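This report refers to the structure that appears directly beneath it.
Readers should treat all values here as calculations from the given coordinates under stated rules, not as data from a laboratory. Predicted model, so just to flag it, every value in this text is computed and none were measured. Positions of Cβ are backbone-derived with ideal geometry, glycine not excepted, and every protein chain shown enters the neighbour counts.
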Amino acid sequence: MQPEHPLSQVVFIHDYIQLVFQSATFTIYNSCSIELNGESISHGSRGFADQLVQQLGLHAQAQSATGEHALSLLFENGLALKVKRRDEKNPGPEAYEAHTDAGDIVMELNE
């Protein structure tokens with residue numbers, strides 16, 4: 001599930017986010033936050049979009065997370081995008097969907 005290419009596009013759609021790494025795509029449906037240098041910014045908060053867009057051109061590693069997070073995308077500059085698991089703000093069926101460079105589709109269900 002590791003993207004081979006750097007982040008090439010960030011798309012903010014009505015209630016979800018898509019991160020495009022050339023041929024790999026991560027679609028984030030659940031609430032998420034950015035963590036950098038001990039500071040956390042939630043999706044929808046001031047500065048979130050700016051910080052995420054600043055990751056364009058950087059490589060990231062995807063990690064299936066444990067605990068309250070379903071996924072973490074760790075960028076080479078230390079920024080982490082953390083996708084939360086199901087809670088009252090995330091009632092939908094999926095937390096995220098990933099289309100990998102190899103053509104696989106990975107979905108994390110909200111259970």
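Below, the figures for the structure above:
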{"read-out": "Rounded if a/c under 1.5, otherwise prolate or oblate - the range 9-109, Cα gyration tensor axes", "value": "rounded"}
{"read-out": "From phi via Karplus (6.51, -1.76, 1.60), per-residue ³J(HN,Hα) for the range 95-105 in Hz, x at Gly/Pro", "value": "7, 7, 9, 10, 9, 7, 4, 7, x, 7, 10"}
{"read-out": "Inter-probe distance in nm under a simple model that places probes 7 Å from Cα toward Cβ, at S40 and E111", "value": "2.4 nm"}
{"read-out": "Theoretical ellipticity at 222 nm over the chain - DSSP helices of four or more residues, -39500 (n - 2.57) apiece, nearest 500", "value": "-1000 deg cm²/dmol"}
